[in-house]
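Colleague: Here it is: the structure, laid out below.
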Amino acid sequence: MYENLNQYELLKEFKNTTGPIKEQAFEEFFVRFTPLLEKFAWKLGEKDIKYFLAEALYIALLKIPYECANFKEDKYIVNYIYKSIKSEYIKLSKYNRKHDSKDEFDDSVKSKYQSNEIEYNLLLIAIEAILNKEEFELFKLRFLITIQK
């Protein structure tokens, strides 16, 4: 549905809609930026970190000032998202260096979505749509149960 849209049109769709349409637009952004998310997750040595980086992608999409004339060109949108994801990667990398590098990322890295339940649930729905049932169950066991404690 959104494969033929450029970044700006997809961003407008994401910003101006709610519900399932917004989720679909986010899923398309997630698919488009998966190689970048996987690159930074690989650098950190954990596949699960990709979903923390996906959170950074979602936040970047919410914050992009798409009304600005520059953001009508795809290169500015891609650059904004790249810098947001890289910033999150650097934060996680510093956290990893601070703690024992042999340990997995501690569950004390809390999701920013705890304070904003609507966006948190939207992200969960998007992640559930991308993962198969077994992967989603593992995701819930690893991240969601520890967040609720």
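The values are calculated or read from the model by the stated rules, or taken from the named source; none is laboratory data. Treat the numbers as computed from the prediction; the structure is a model and nothing was measured. Positions of Cβ are generated from backbone atoms using ideal geometry, with glycine treated the same way; all protein chains shown enter the neighbour counts.
Colleague: Among the residues of the range 28-43, which ones are buried (at least 20 other Cβ atoms within 10 Å of the Cβ) and without any contact (Cβ under 8 Å) to a residue 24 or more places away in the chain?
Modeller: ALA41
Colleague: Could you run through the range 57-102 and say how many residues are over 20 Å from ALA25 (Cβ atoms) and not hydrophobic (A, V, I, L, M, F, W, C)?
Modeller: Final tally of qualifying residues: 17.
Colleague: Does the range 6-19 contain at least one residue that is in a loop (DSSP other than H, G, I, E, B) and touching a residue at least 40 places away in the same chain (Cβ under 8 Å)?
Modeller: So far as the range 6-19 goes, yes, one or more of its residues are in a loop (DSSP other than H, G, I, E, B) and touching a residue at least 40 places away in the same chain (Cβ under 8 Å).
Colleague: Considering the range 92-123 alone, what residues qualify as being over 15 Å from LYS50 (Cβ atoms), aliphatic (A, V, I, L, M) and at pLDDT 65 or above?
Modeller: Listed by number, the list holds a single entry, LEU122.
Colleague: Quick check on my filter: what residues within the range 44-69 are surrounded by 13 or more Cβ atoms within 10 Å (Cβ to Cβ), of a type outside the set (Phe, Trp, Tyr) and either under 12 Å from the mean Cα position of the chain (by Cα) or in a helix (DSSP H, G or I) (or both)?
Modeller: Listed by number, the residues that qualify are LEU44, ASP48, ILE49, LYS50, LEU53, ALA54, GLU55, ALA56, LEU57, ILE59, ALA60, LEU61.
Colleague: Specify which of the listed residues (ALA41, ALA126, ALA56, ALA60) is under 25 Å from ASN4 (Cβ atoms) and modelled with pLDDT of 85 or more. Even if it seems obvious, please write down each step before you answer.
Modeller: Numbers: ALA41 fails: under 25 Å from ASN4 (Cβ atoms); ALA126 fails: modelled with pLDDT of 85 or more; ALA56 fails: under 25 Å from ASN4 (Cβ atoms).
Residue meeting the stated conditions: ALA60.
Colleague: With the checklist (1) under 22 Å from ALA129 (Cβ atoms); (2) without any contact (Cβ under 8 Å) to a residue 12 or more places away in the chain; (3) hydrophobic (A, V, I, L, M, F, W, C) in hand, flag the one item CYS68 doesn't pass.
Modeller: Result: CYS68 passes all but (1).
Colleague: Taking the conditions exactly as written (assigned to a helix (DSSP H, G or I), in contact with a Leu (Cβ under 7 Å, 6 or more places away or on another chain) and not charged (D, E, K, R)), does ALA25 satisfy them or not?
Modeller: yes
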